[in-house]
């Protein structure tokens, strides 16, 4: 028995060591490190927007929404169709603005952060289960909000969506692919290699660009941008909660089962799970700051 106990202890030690070594490079490049290492998000309009995030971004709601998305290919297709609608509305507005805060920021990042075309590819890949009806009421309301926002206020939408993509969205592709058994990569959850390699720099430059705009505008316009970001967070939450509590609970449970099954089938390294947890923790850390 003592020999068996020794072997078991040795196995546990090896497993812990393997996990620790696997997670080391992840920690260094994680969203947590990027957020903590940023200088620009500790000042100016970026600080105001992150403070808003602390009060307006409910991780529980958005976490449940992601799990519901993993409950079936049809649920995933519905979510992609929603995102295609509001990213399309945003990027058309951004492209068409020659004045206002968004015209100073979007041209700097459009090539690297644009999502609409990638979402269109993702929806086409699940065309057999893609929704054919109208957009949901909450999605239509979000699109109307984007279409009616001023060129200055659109900066609030930029912050709400693209920082989420950079901090956490880029790690949601693998869980989605595994949970649903997708034969393709989720294009909207990926960035070009040069963006991934320099993700921290992209985040810092985006914060800096927001601060430069904030320094050049009046307090009234700054409030307009923050208010628009607050409204955008509310629209995003309503697109999840409009399904109703029971549907969310059932869908999330199915999503968890699919996710666990997908990872079990692939026996993925702990580094993957560690990075996902790290990015989720980063969003929570921002809200708790």
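Table for the structure above
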| quantity | calculated |
| --- | --- |
| Flag for residue 120 being surrounded by fewer than 19 Cβ atoms within 10 Å (Cβ to Cβ), assigned to a helix (DSSP H, G or I) and touching a helix residue (DSSP H, G or I) at 6+ places or on another chain (Cβ under 9 Å) | yes |
| Residues of the stretch 90-108 satisfying the condition of being farther than 26 Å from residue 182 by Cβ, assigned to a helix (DSSP H, G or I) and touching a residue at least 12 places away in the same chain (Cβ under 8 Å) | 93, 94, 95, 101, 102, 103, 104, 105, 106, 108 |
| Filter pass, residue 71 being in a loop (DSSP other than H, G, I, E, B), touching a residue at least 60 places away in the same chain (Cβ under 8 Å), closer than 20 Å to residue 52 by Cβ and touching a helix residue (DSSP H, G or I) at 6+ places or on another chain (Cβ under 8 Å) | no |
| Verdict on residue 145 being at pLDDT 95 or above and outside any helix (DSSP H, G or I) | no |
| Among residues of the stretch 235-245, those that are surrounded by fewer than 18 Cβ atoms within 10 Å (Cβ to Cβ) and either touching a residue at least 60 places away in the same chain (Cβ under 8 Å) or under 16 Å from residue 159 (Cβ atoms) (or both), counted | 4 |
| Count of the stretch 41-50 residues which are assigned to a helix (DSSP H, G or I) and more than 19 Å from residue 168 (Cβ to Cβ) | 5 |
| Answer residue from the stretch 181-191, given it is assigned to a helix (DSSP H, G or I) and under 13 Å from the mean Cα position of the chain (by Cα) and is surrounded by the most Cβ atoms within 10 Å (Cβ to Cβ) among those | 188 |
| Selection from the stretch 118-127 of residues that are within 17 Å of the chain's Cα centre (by Cα) and without any contact (Cβ under 8 Å) to a residue 24 or more places away in the chain | none |
| Candidates 215, 227, filtered to the one that is touching a residue at least 40 places away in the same chain (Cβ under 8 Å), more than 29 Å from residue 144 (Cβ to Cβ) and assigned to a helix (DSSP H, G or I) | 215 |
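Yes/no per residue for (1) under 20 Å from residue 157 (Cα atoms); (2) crowded, with 18+ Cβ neighbours inside 10 Å; (3) in contact with a strand residue (DSSP E or B) (Cβ under 9 Å, 6 or more places away or on another chain):
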{"site": "46", "(1), (2), (3)": "yes, yes, no"}
{"site": "52", "(1), (2), (3)": "yes, yes, no"}
{"site": "59", "(1), (2), (3)": "yes, no, no"}
{"site": "68", "(1), (2), (3)": "no, yes, no"}
{"site": "71", "(1), (2), (3)": "no, yes, no"}
{"site": "74", "(1), (2), (3)": "no, no, no"}
{"site": "80", "(1), (2), (3)": "yes, yes, no"}
{"site": "99", "(1), (2), (3)": "yes, no, no"}
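Conditions tested, residue by residue: (1) buried (at least 18 other Cβ atoms within 10 Å of the Cβ); (2) touching a residue at least 12 places away in the same chain (Cβ under 8 Å); (3) closer than 25 Å to residue 36 by Cβ; (4) under 16 Å from the mean Cα position of the chain (by Cα).
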{"position": "133", "(1), (2), (3), (4)": "no, no, no, no"}
{"position": "157", "(1), (2), (3), (4)": "yes, yes, no, yes"}
{"position": "160", "(1), (2), (3), (4)": "yes, yes, yes, yes"}
{"position": "167", "(1), (2), (3), (4)": "yes, yes, yes, yes"}
{"position": "179", "(1), (2), (3), (4)": "yes, yes, no, no"}
{"position": "193", "(1), (2), (3), (4)": "no, no, yes, no"}
{"position": "200", "(1), (2), (3), (4)": "no, yes, yes, yes"}
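The values are calculated or read from the model by the stated rules, or taken from the named source; none is laboratory data. Here the structure is a predicted model, which is why all the values come from computation and not from measurement. Note that we place each Cβ from the backbone using ideal geometry, even for glycine, and neighbour counts take in every protein chain shown.
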